[in-house]
Amino acid sequence: MENKTTVLTLCSIKGGVGKTITAIEIAKCLAAAGKKVLQADCDLNNSLSGYHLDEPMMEKTKKLNFAAALGDEDNNLCDFAVPTNTPGIDLIASSPYLSDLRTVSEKRLKRMIPSLYGKYDILIIDCHPTYDNIVLNALHAADYAITPVLKDLFSYNAAVFLSQVIPRDVEGFENWFILLNGYEKRYEESKSGRQNDFVDLYRNSGLPLTPASTWLPWTSGIYQIIDYRKKLCGAKNVPGAVCNEALYSAVTELAGCFFDEALDIPEAF
Ligand SMILES: Nc1ncnc2c1ncn2[C@@H]1O[C@H](COP(=O)(O)OP(=O)(O)OP(=O)(O)O)[C@@H](O)[C@H]1O
Ligand SMILES: [Mg+2]
């Protein structure tokens, strides 16, 4: 039997919380560990496509993109994937015609996922910051969904909103989690303070936080990694890579959550 493809959705109604950087870092980590990774860019703002593709490949996405893929339920999703600059990662790109999907059934993507079986180990979907039927397609198709949050009230309000609508709209879905982005270890010991207040707020509200080992630190290294496409390394310094032990450890922990077996993750990815 063909191996199933795990589907991970990154979503939030709040913008700028780290959906795209999380999608990129998990994908890079898993691809470096030998997994076959497909990403889907469901954001009209096409950050993920812009990160992954150079101009000639971007040209191809005028035909091969997420809107075209979902245009016909009989499509094979693999036919709409293009290779990215990162070995092991393919992408179904964004499109200006994503808005044409406004009337598509919320479960169409879910029904199309089996076309990926045997070809990709994981599909990572990066959503735009809203709650509409494209996001609902990504949620219905998902095995796991993650909402990154910053340490601010607007992120918290967005998480509360999703905690109410996801159980209402996606029956039986239990794998929605909240990922703290911007966690700083140095405040861990303080008895009070903004960071601990927010952690307590999530815990006391019963919102499903991921384990603390996966919380992403706030670091200027992200700009080096994303804007200058540098690799990330952890404790062991790898020449040319951005060395950030906390980020490396959080990303590898998070990436490991989606597979039963231990991953063989290199020192830099
Ligand atoms: N942990 C972090 N450390 C430093 N910068 C970060 C971190 N997380 C996110 N950022 C920065 O915040 C900005 C927003 O991140 P990102 O684009 O991933 O958010 P998003 O949720 O995908 O936004 P949108 O909703 O607009 O798609 C980016 O400029 C990114 O570099
Ligand atoms: Mg984004």
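The values are calculated or read from the model by the stated rules, or taken from the named source; none is laboratory data. Keep in mind the model is a prediction, meaning the values are calculated, not measured. Glycine also receives a Cβ, built like all others from the backbone with ideal geometry; neighbour counts cover every protein chain displayed. Protein only, heavy atoms only, side chains kept; ligands, DNA and RNA dropped before computing areas. Shrake-Rupley method; radii C 1.70, N 1.55, O 1.52, S 1.80 Å.
Just a few scattered comments:
- Spatially proximal lysines relative to K35 (Cα-Cα < 22 Å; intrachain offsets below 8 disregarded): K4, K19, K110, K119, K230, K231
- Under a Gaussian network description of the chain, with springs only between Cα atoms under 10 Å, the residue in G118, G221, G172 that fluctuates furthest is G172.
- Cα point-scatterer Debye curve for the stretch 6-256, base-10 log of I(q)/I(0) at q = 0.08, 0.14, 0.17 Å⁻¹: -0.30, -0.93, -1.34
- Relative contact order for the stretch 118-202: 29 percent, from Cα pairs under 8 Å spaced at least 6 residues apart, divided by residue count.
- Using every pair of separate Cα atoms, the Kirkwood estimate puts the hydrodynamic radius of the stretch 217-269 at 11.5 angstrom.
- Accessible-area composition of the chain, carbon plus sulfur, in percent [1.4 Å probe]: 50 percent
- Pairwise label distance in nanometres, K230 with D79, each label 7 Å out on the Cα-Cβ vector: 4.3 nm
- Accessible-area value, M58, 1.4 Å probe, nucleic acids and ligands omitted, Å²: 40 Å²
- Listed as lacking a disulfide-compatible partner in the chain: C29, C42, C78, C233, C243, C257, by the criterion of no other cysteine Cβ under 4.7 Å.
- GNM top mover of V135, V170, V251 - the chain, alpha-carbon springs below 10 Å: V170
- Nearby aspartates and glutamates by direct alpha-carbon distance to K62 (threshold 14 angstrom, same-chain neighbours under 8 apart not counted): D41, D54, D79
- Volume per residue for the stretch 23-141 equals 90 cubic angstrom (convex hull of Cα atoms).
- Phi-based couplings in Hz for the stretch 214-229 (Karplus 6.51, -1.76, 1.60; Gly and Pro marked x): 9, 5, 8, x, 8, 8, 5, x, 4, 5, 5, 5, 7, 6, 10, 6
- For peptides 140-146, 102-108, 174-180, sequence by mean Cβ density within 10 Å, most packed first: 140-146, 174-180, 102-108
- Highest-fluctuation residue, C127, C42, C233 considered, GNM on the chain with Cα pairs under 10 Å: C233
- Of all DSSP-defined beta bridges confined to the stretch 6-256, some 5% are antiparallel rather than parallel.
- Kirkwood hydrodynamic radius computed over the stretch 107-201 comes to 15.3 Å, based on all pairs of distinct alpha carbons.
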